[in-house]
Amino acid sequence: MSVPILNASGCLDALTAPDVARALDAFVTKTITPEPRDGNRPARIAETDHGMLNSIGLQGPGIDAFLTTVLPALRTLDVPLWVSVGGFAASDYASICARLDSEDGIEAVELNLSCPNVEEAPETGAEIVAAARAATSRSLYAKLSPATWDIAATARAVVAAGADGLSLVNTIRGLALDDATLRPVLGRGAGGYSGPALRPIALACVHACAGAVDVPIVAMGGVSGGRHALDLVAAGASAVALGTVLFADPFAPGRVRAELQRAASARGFDNPLHVRGIALSS
């Protein structure tokens, strides 16, 4: 087995681009909330010099429509499914996890603990994970923010609360101003920043967390080529997710997978997974 390649939540509509989804080792849904959400007011996406800002605001159909309409359609793709779950209180996460628990075809649940485009739940990440853990037997991955200074401490807390793995990292808050008006481009003001500039931040977060906890890590943040993926694996990741690159390159999953293998082979490793954690050794 080599390094699994996933998508970052919200960066691919599998039903619109099924061939891209099938090129992944698992598809991660857009974050599902208890009730339908229209999302934030436009504009909601803006390009910057070194990445992209988004302020979608967890737009989605809500858990009822997801279970009756979206999930059955996703099952027809015959791709392992991860469901991203969000909310505005620990009870929201728990209620959605409970409803997903009896559904077939779900490999894991990713708890979105760090969306910069909506109001956060008042509970800590550990409290949310504990509530979700009590509601489900499924594998739980906690998605953490890179804005936390001591992300290793957060990683230890969510793992102690019941997380089976980590997703690192979510976007980081950023702002772009219109060249003519000098006012924010995005309707909400600031948004989540992704793309190449996020890569060294993600690498540092994966390195810190891999040194603090012994759980699988799905790493993401600025990955556009195989060498970027190899770096994240060397820092301790066991899987890699593609985000912003999917907006420009629908062939990225296969390309990155092939480039990753070549990058590992060029350094004397027949399997990229054999590189895992090498950056942690003294």
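Here are some notes:
- Top-ranked residue of region 118-136 - restricted to ones that are open to solvent by less than 50 Å² (accessible area, probe 1.4 Å) and farther than 18 Å from GLY165 by Cβ, ranked as farthest from the chain's Cα centre (by Cα): ALA121
- Residues within region 162-172 that are more than 18 Å from ALA237 (Cα to Cα) and not in a loop (DSSP other than H, G, I, E, B), tallied: 1
- Hits in region 65-104 (condition: touching a Pro at 6+ places or on another chain (Cβ under 8 Å) and either open to solvent by 10 Å² or more (accessible area, probe 1.4 Å) or over 26 Å from ALA239 (Cβ atoms) (or both)): ALA65, THR69, VAL70, LEU77, ALA89, ASP92, SER95
- Failed condition for ALA157, given (1) of a type in the set (Gly, Ala, Ser); (2) surrounded by fewer than 20 Cβ atoms within 10 Å (Cβ to Cβ); (3) touching a helix residue (DSSP H, G or I) at 6+ places or on another chain (Cβ under 8 Å); (4) over 21 Å from SER238 (Cβ atoms): (4)
Each row is one residue, and each column tells you yes or no for (1) crowded, with 23+ Cβ neighbours inside 10 Å; (2) among the hydroxyl-bearing types (Ser, Thr, Tyr); (3) closer than 28 Å to GLY162 by Cα; (4) modelled with pLDDT of 95 or more.
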| site | (1), (2), (3), (4) |
| --- | --- |
| TYR193 | yes, yes, no, yes |
| ARG199 | no, no, yes, yes |
| VAL206 | yes, no, yes, yes |
| GLY211 | no, no, yes, yes |
| VAL218 | yes, no, yes, yes |
| GLY221 | yes, no, yes, yes |
| GLY225 | no, no, no, yes |
| HIS228 | yes, no, no, yes |
| GLY236 | yes, no, yes, yes |
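- Filtering ALA212, ALA190 for residues that are aliphatic (A, V, I, L, M) and under 19 Å from ASP150 (Cα atoms) leaves a single hit, ALA212.
- Of the set (1) under 25 Å from ALA163 (Cβ atoms); (2) open to solvent by 50 Å² or more (accessible area, probe 1.4 Å), all apply to PRO4 but (2).
- Highlighted here are the helices (runs of 4 or more DSSP H) found entirely within region 64-161 that include at least 1 residues which are touching a residue at least 60 places away in the same chain (Cβ under 8 Å) and on the phi < 0 side of the Ramachandran plot: 71-75, 90-100, 151-160.
- Residues of region 167-178 satisfying the condition of being within 14 Å of ASP49 (Cα to Cα) and either modelled with pLDDT under 95 or open to solvent by less than 60 Å² (accessible area, probe 1.4 Å) (or both): GLY174, ALA176, ASP178
- Within region 187-282, helices (runs of 4 or more DSSP H) holding 3 or more residues that are within 20 Å of the chain's Cα centre (by Cα) and farther than 14 Å from ILE5 by Cβ: 199-210, 226-234
- Scanning region 26-45 for residues that are over 19 Å from the mean Cα position of the chain (by Cα) and surrounded by fewer than 19 Cβ atoms within 10 Å (Cβ to Cβ), we see that the one that is nearest to CYS97 (Cα to Cα) is GLU35.
- Only a single criterion out of (1) touching a Ser or Thr at 6+ places or on another chain (Cβ under 6 Å); (2) open to solvent by less than 10 Å² (accessible area, probe 1.4 Å); (3) at pLDDT 95 or above is not satisfied by SER114, namely (3).
- Count of region 1-55 residues which are in a loop (DSSP other than H, G, I, E, B) and over 27 Å from ASP92 (Cα atoms): 12
- Picking from residues in region 162-190 that are without any contact (Cβ under 8 Å) to a residue 60 or more places away in the chain and in contact with a helix residue (DSSP H, G or I) (Cβ under 8 Å, 6 or more places away or on another chain), the one that is nearest to ILE45 (Cα to Cα) is ILE172.
- Residue match in region 253-261 (condition: among the aliphatic types (A, V, I, L, M), under 28 Å from ILE151 (Cα atoms), in contact with a Leu (Cβ under 7 Å, 6 or more places away or on another chain) and in contact (Cβ under 8 Å) with a residue 60 or more places away in the chain): yes
The values are calculated or read from the model by the stated rules, or taken from the named source; none is laboratory data. Only a predicted model underlies this, so the values are computations on that prediction, with no experimental measurement involved. Glycine gets a Cβ as well: all are built from the backbone with ideal geometry, and neighbour counts include every protein chain shown. Surface areas here come from the heavy atoms of the whole protein model, side chains and all, with no ligands, DNA or RNA. Shrake-Rupley method; radii C 1.70, N 1.55, O 1.52, S 1.80 Å.
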